[in-house]
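Chemist: One structure coming up, written as C-alpha cells, with questions to follow.
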Amino acid sequence: MQDLNKIREEYNQLTEELMNPELISDWEKFQEVSKKRAAFEKIVKKAEELENIRARIEENKQILSSYEEPELSSLAEQELTSLKDAETKLEKELDVLLSGDSPASPSALIMEIRAGTGGDEAALFAAELLLMYRRFAEKNRWKLVLLSSHESELGGLKEAIFEVAGDGAFAKLRHEGGVHRVQRIPETEKQGRIHTSTVSVAVLPKPKKEEFHINPADIKIETTTSSGPGGQNVNKRQTAARLIHIPSGIMIVSDVERNLQGNKEHAMAILQARLLAQEQQKQQQEISGQRKAQIGTAERSEKIRTYNFPQDRITDHRVKESWHGIERIMKEGDLDEIAETLQEQL
C-alpha cells in the first residue's frame, strides 16, 4: 500500500506537470514525462479496478448475510465466487506491473544466444530459439533488432545478439536467461538416438542514455569485412565494426548491417549493456556476475529449461512446470503462458 500511495502521488504530480504550458517547449522533457506518466497510469488504473472489486465483494457479503431465501443466497454466493476469482486475477496483474513493468524498468533489453554443448545440433537449436523470440516479439508488437550474429555451416547460429524494445518486453523476457537444453533426434542421426544439446541465453537491460556514459578515449574502433558461415566473405567492403573497450578488454563485433555506421551503433549498444551489467555486479557485490550467472558454462546439467521433442514437452525447472506443444510455442512464439507463470512465481 505504501508503494501504491507513492505511485499515486507521483502520478498526480506528473499529471499536473503535463498541464504546464512551458513544458511543451521542451519536447524531449515532455516525451519523458508523458512516457513515465503512462507507465504509472497502468498501475493506478489496475489498483482502482482491484479496489472496486474488493468493495463489491464486501457489499456482496453484507447482502448475503441478510438473505433468508435459499435461491437468492445461492445466486449471491455464485456472484461472490466470481468476484473473488476476479480479485485474484487483478492481484496477480498488479503484482506483475509493480515488480517488472514499472517506470523504473528498462525500456529495452539485449539478449545473447550462444550455442553450447552439442555442436551443429546446438547451433540449429540456437537458431530456433531466435525464431521463437522473434515471433514472440511480433505478437507483442515489440521491435526486435539483430545486432550481431555468426552462423554455422548448416544454417544454425553459433551466436546471436539482439535488442528487444517495447511495452512490457523486459518484464516478460527477464527470466529467459540461463541454459536451455534440447532433447531430440537430430536429422543427421541414422540410428534414431536422442541427443542432448544446450544453448545459453543472457538477458541484459539496455541502459538509457542518461544512465551510462562511456569515455570515447576508452574505445578502440576497428573495421573489417563481414563474414558468413565457415568464414567466407559475404561483403568485401570494410563494413563490420569491432569495438574494444580498453579498460575492461571487452571486444564486440557487429556485421549484420551493410553499412559501417549501423554496425558501430549496434556494437556500442552491446558494449553499453555489458558494461552496465558489470557495474551492477560491483554494486551488488556478487561473486558471480549477471551474465556469468545466466550463461554458466553451458554444460548439460546447468539448465533452467528442457525442450523434450519426443515427449512434446517444455519443462521449466525453476518453477517445476511443464507445457505441451513445442512446435506451436517455438515456431509461433506462443510464450505467453510460460512468461506469465515465470512472472508470477519468480
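The values are calculated or read from the model by the stated rules, or taken from the named source; none is laboratory data. Source: prediction; values computed, not measured. Here the Cβ is made from the backbone with ideal geometry for all residues, glycine too, and neighbour counts use every protein chain on show.
Chemist: Could you say which residue among Lys139, Lys158 is more than 16 Å from Lys331 (Cα to Cα) and modelled with pLDDT of 90 or more?
Modeler: On the way: Lys139 fails: more than 16 Å from Lys331 (Cα to Cα).
It is Lys158.
Chemist: Now for a different question. Considering only the range 1-44, state which residues are in contact with a helix residue (DSSP H, G or I) (Cβ under 9 Å, 6 or more places away or on another chain), charged (D, E, K, R) and under 20 Å from Asp95 (Cβ atoms).
Modeler: Asp3, Arg8, Glu10, Glu41, Lys42, listed by residue number.
Chemist: Right, next: Six or more apart or on different chains, Cβ atoms under 8 Å: show the pairs whose first residue is in the range 254-281 and outside the structural domain of Ala160 (by TED's automatic domain parsing) and whose second is basic (Lys, Arg) and in a helix (DSSP H, G or I).
Modeler: Hits for this filter: Ser254/Lys264; Arg274/Arg291; Ala277/Arg291.
Chemist: Could you identify the single residue in Ala108, Ala104, Ala165 that is out of contact with any Lys or Arg (no Cβ under 8 Å at 6 or more places or on another chain) and either at pLDDT 95 or above or among the aliphatic types (A, V, I, L, M) (or both)? Working first, answer last.
Modeler: Details: Ala108 fails: out of contact with any Lys or Arg (no Cβ under 8 Å at 6 or more places or on another chain); Ala165 fails: out of contact with any Lys or Arg (no Cβ under 8 Å at 6 or more places or on another chain).
After applying the criteria, what remains is Ala104.
Chemist: Still on this structure: Give me the residue from the range 335-346 that is surrounded by 14 or more Cβ atoms within 10 Å (Cβ to Cβ) and touching a strand residue (DSSP E or B) at 6+ places or on another chain (Cβ under 9 Å) and, out of that set, farthest from Leu98 (Cα to Cα). Walk me through how you get there before you give the answer.
Modeler: To start, the set of residues in the range 335-346 that are surrounded by 14 or more Cβ atoms within 10 Å (Cβ to Cβ) comprises 335, 338-343.
Checking which are touching a strand residue (DSSP E or B) at 6+ places or on another chain (Cβ under 9 Å) leaves us with 338, 341-342.
Details: Ile338: 19, Thr341: 16, Leu342: 15 Å.
Checking each candidate, the answer is Ile338.
Chemist: Residues of the range 125-139 being surrounded by 19 or more Cβ atoms within 10 Å (Cβ to Cβ) and more than 13 Å from His180 (Cβ to Cβ), which ones?
Modeler: Within the range 125-139, Phe136, Ala137 meet the criteria.
Chemist: Within the range 179-197, track down each residue that is touching a helix residue (DSSP H, G or I) at 6+ places or on another chain (Cβ under 6 Å), crowded, with 21+ Cβ neighbours inside 10 Å and either of a type outside the set (A, V, I, L, M, F, W, C) or outside the structural domain of Ala126 (by TED's automatic domain parsing) (or both).
Modeler: Applying the first criterion (touching a helix residue (DSSP H, G or I) at 6+ places or on another chain (Cβ under 6 Å)) to the range 179-197 yields 182, 186, 195, 197.
Cutting the leftovers down to crowded, with 21+ Cβ neighbours inside 10 Å gives us 182, 197.
Scanning the range 179-197 gives a single hit, Ser197.
Chemist: If I ask for residues that are in contact with a Leu (Cβ under 7 Å, 6 or more places away or on another chain) and modelled with pLDDT under 80, which ones from the range 37-79 would you list?
Modeler: Leu64, Ser73, Ala76
Chemist: Let me ask something else. Counting only residues that are small (Gly, Ala, Ser) and not in a loop (DSSP other than H, G, I, E, B), which one in the range 80-101 is modelled with the lowest pLDDT?
Modeler: Here is the first cut: in the range 80-101, the residues small (Gly, Ala, Ser) are 82, 86, 99-100.
Then drop every residue that is not not in a loop (DSSP other than H, G, I, E, B), which leaves 82, 86, 99.
Numbers: Ser82: 89, Ala86: 90, Ser99: 61.
Within the range 80-101, the match that is modelled with the lowest pLDDT is Ser99.
Chemist: If Phe170 satisfies every condition in (1) modelled with pLDDT under 90; (2) closer than 22 Å to Met330 by Cα; (3) surrounded by fewer than 18 Cβ atoms within 10 Å (Cβ to Cβ); (4) among the hydrophobic types (A, V, I, L, M, F, W, C) but one, which is the exception?
Modeler: (3)
Chemist: Does Phe136 satisfy being part of a helix (DSSP H, G or I), under 19 Å from the mean Cα position of the chain (by Cα) and touching a residue at least 24 places away in the same chain (Cβ under 8 Å)?
Modeler: On the way: part of a helix (DSSP H, G or I): yes; under 19 Å from the mean Cα position of the chain (by Cα): yes; touching a residue at least 24 places away in the same chain (Cβ under 8 Å): yes.
Taking the combined requirement at face value, the residue satisfies it.
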